[in-house]
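Written out below as structure tokens is the structure these notes cover.
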There are 2 protein chains.
Amino acid sequence: MPRKSVQQELTRDMIMDAARTLFVNKGYQHVSMRQIAKELEYSHGAIYYHFKNKAELFYALVEEHFKMLDQILDEILEKEIEPKEKIREVLIGFMQFGLTHQNHYEIMFLTKDEEVRNFLSQSPNRSYEKFARALSLLSERKLSIQDIWSIFISLHGFVTHYSRHVTSYEDVQGMAAAHADFLLRSIR
Amino acid sequence: MPRKSVQQELTRDMIMDAARTLFVNKGYQHVSMRQIAKELEYSHGAIYYHFKNKAELFYALVEEHFKMLDQILDEILEKEIEPKEKIREVLIGFMQFGLTHQNHYEIMFLTKDEEVRNFLSQSPNRSYEKFARALSLLSERKLSIQDIWSIFISLHGFVTHYSRHVTSYEDVQGMAAAHADFLLRSIR
DNA sequence: AGCCACTATTGAACAGTGGTCAATTAATTT
DNA sequence: AAATTAATTGACCACTGTTCAATAGTGGCT
């Protein structure tokens, strides 16, 4: 009984919605194409008509989060607080983002999966570039390129470490603040 | 034709040797029990007689690396250089270890796999404790517990990031040194 | 030497994975 | 009404980790 009536045709969005729910709770590795299909009450083959493969589907899920991260950055930059405090908030904002969207973050900045990374392409780099430019400006060039890169890597370490335990950001808010303060001790 | 003659009985060490070669080149995820068995010219079932499951086998492979990391630390501590330089070398040594044994490091400090982490138990913590004590002593308590934790997490970020690309440590030696210097700017 | 318990190994089987594709049918175009 | 195209199915492939009944070599005991 192939092809359902047009009113109930499968769309990329429907697939992404089903995938998202599973993905947020279980992560890339532990969500299967068949589970998603089951959720949708379609055969798993149908998904492959709309997405080339698992990597493309989950990349689509994550793509928008690069924009989300950019937005978070922009919102902080527009605040009316002094630059030093802004820098602090940028660092904390990054960690909060990473730990609030752990499974997304994993794909954005941690995955080794070749196929997924083909889709990611330059997105992680672009995301970092935005972060770096912001910090460079806010510090009035007091932070060198090296410094900024070290800071980024250090934030990455924080997110990566605490993602191992299923911690929510709230549980490590204090730690995040302390980490940010440590990293900023080099300026000033 | 079960059970081979005693001269060619399978041992844990034989399995670990075969597994190690594959593991170092491909990582936990991409080495299968059947591949290991094929390498040994045994059926895959035989491995399960010697190891409870994949996690136990690969934990056995990684276990010794916690000691190796401790040793690296000790060797640096015994050097005849001033404490400040020792701290620097400890940080660099950690990054070098992580990037020289990337797939081991991944299991030691990065894996989310529940089964594997059951085997790891407190090993990563103990490893960190040793690191922290060393830094505390060398800095004559100038480095707070918080600082040391931030440093560790920051080193973790470095290893984790550069492990994504198949970089060897030599390729990022300069970066590692710069990262260490950045992290140590807060003291002094 | 014969028996027996034990030990190590096999390979079929299970339930799952990502992915492909011929067959089929609904929708659309001609 | 016929031909074409689009969307879906589900069997199939080649894998994965894991289990386990069946089997055969080993070593000890009588």
Worksheet, complete the sentence: Once normalised by the length of segment B:40-123, the mean sequence separation of its alpha carbon contacts under 8 Å that are 6 or more apart gives a contact order in percent of 39
Worksheet, complete the sentence: Pseudo-spin-label distance A:Glu41 to A:Ala178, built 7 Å along Cα→Cβ, given in nm, is 5.1
Response to the item:
Along segment A:60-66, Karplus-curve 3J(HN,Hα) (6.51, -1.76, 1.60; θ = phi - 60°) to the nearest Hz, with x for Gly and Pro, reads 4, 5, 8, 3, 4, 6, 5
Response to the item:
Shortest first and in nm, the label-point separations between A:Glu75 and its counterparts in the other identical copies (7 Å out along Cα→Cβ) come to 4.9
Worksheet item: trypsin sites (Lys or Arg not before Pro) within segment A:1-83: which are DSSP loop residues with at most 15 other Cβ atoms inside 10 Å?
Response: A:Arg3, A:Lys4, A:Lys52, A:Lys79
Practice prompt. Find the percent of Cα-Cα distances in segment B:62-184 that exceed 23 Å, and round it to a whole number.
Written response: 27
Worksheet item: Pairs A:Lys67/B:Lys112; A:Lys26/B:Lys112; A:Lys86/A:Lys130: which are spaced more than 19 Å apart, C-alpha to C-alpha?
Response: A:Lys67/B:Lys112
Worksheet item: Per-residue HN-Hα couplings for segment B:169-185, Karplus 6.51 cos²θ - 1.76 cosθ + 1.60 at θ = phi - 60°, whole Hz, x for Gly and Pro?
Response: 4, 3, 5, 10, 3, x, 4, 4, 4, 5, 5, 4, 4, 4, 5, 8, 5
Worksheet, complete the sentence: Shortest first and in nm, the label-point separations between A:His44 and its counterparts in the other identical copies (7 Å out along Cα→Cβ) come to 1.6
Item to complete: Could you provide, to the nearest whole Å², the per residue accessible area of segment A:39-136 with probe 1.4 Å?
Response: 50
Discussion item. What does the copy distance list look like for B:Ile187, label position 7 Å along Cα→Cβ, in nm and ordered from shortest?
Written reply: 2.4
Item to complete: Would you mind checking the radius of gyration and Dmax of segment B:8-51 based on alpha-carbon positions, in Å?
Response: 9.6, 29
Item to complete: For segment B:141-165, state which residues have at least 30 Å² less accessible area in the presence of all protein chains than in their chain by itself, taking the probe as 1.4 Å and leaving out ligands, DNA and RNA.
Response: B:Gln146, B:Asp147, B:Trp149, B:Ser150, B:Ile153, B:Ser154, B:His156, B:Gly157, B:Thr160, B:His161, B:Arg164
Fill in: Cβ nearest the rotation axis (B onto A), residue from chain B and distance to the nearest whole Å
B:Gly157, 1
Worksheet, complete the sentence: Rounded to whole angstrom, the alpha-carbon centroid of segment A:102-132 lies from that of segment A:54-72 at a distance of 9
Discussion item. Out of the GluC sites (Glu not before Pro) in segment B:53-141, which ones are loop residues according to DSSP with at most 13 other C-beta atoms within 10 Å?
Written reply: B:Glu80, B:Glu140
Worksheet item: What value does segment B:1-113 have for Rg/Rh, both radii from Cα atoms and Rh as Kirkwood defines it?
Response: 1.12
Worksheet item: For the residue pair B:Lys130 and A:Asp17, what label-to-label distance in nm results when each label sits 7 Å from Cα along the Cα-to-beta-carbon direction?
Response: 5.3
Discussion item. Nearest 10 degrees is fine. How inclined is helix A:12-26 to the longest principal axis of chain A, computing both from alpha carbons?
Written reply: 60
Worksheet item: Between A:Gln146 and B:Lys4, what FRET efficiency comes out of the Förster formula 1/(1 + (r/R0)^6) with R0 = 41 Å and r the beta carbon distance, rounded to 0.05?
Response: 0.10
Worksheet item: Which distance in nm do the two modelled labels at B:His50 and B:Lys26 give, with both placed 7 Å along the Cα-to-Cβ direction?
Response: 1.8
Discussion item. Using helices alone, I'd like the mean residue ellipticity at 222 nm for chain B: each DSSP H run of four-plus residues gives -39500 (n - 2.57), total over residue count, nearest 500.
Written reply: -22500 deg cm²/dmol
Worksheet item: For the protein assembly as shown, what is the convex hull (Cα atoms) projected area averaged across all directions, in square nanometres?
Response: 24.2
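The values are calculated or read from the model by the stated rules, or taken from the named source; none is laboratory data. No experiment lies behind these values; they were computed from the predicted model shown. In this analysis, Cβ positions are derived from the backbone assuming ideal geometry, glycine residues included, and neighbour counts consider all displayed protein chains. The protein model used for the area step is the full one, side chains on, heavy atoms only, and it has no ligands, DNA or RNA in it. Shrake-Rupley method; radii C 1.70, N 1.55, O 1.52, S 1.80 Å.
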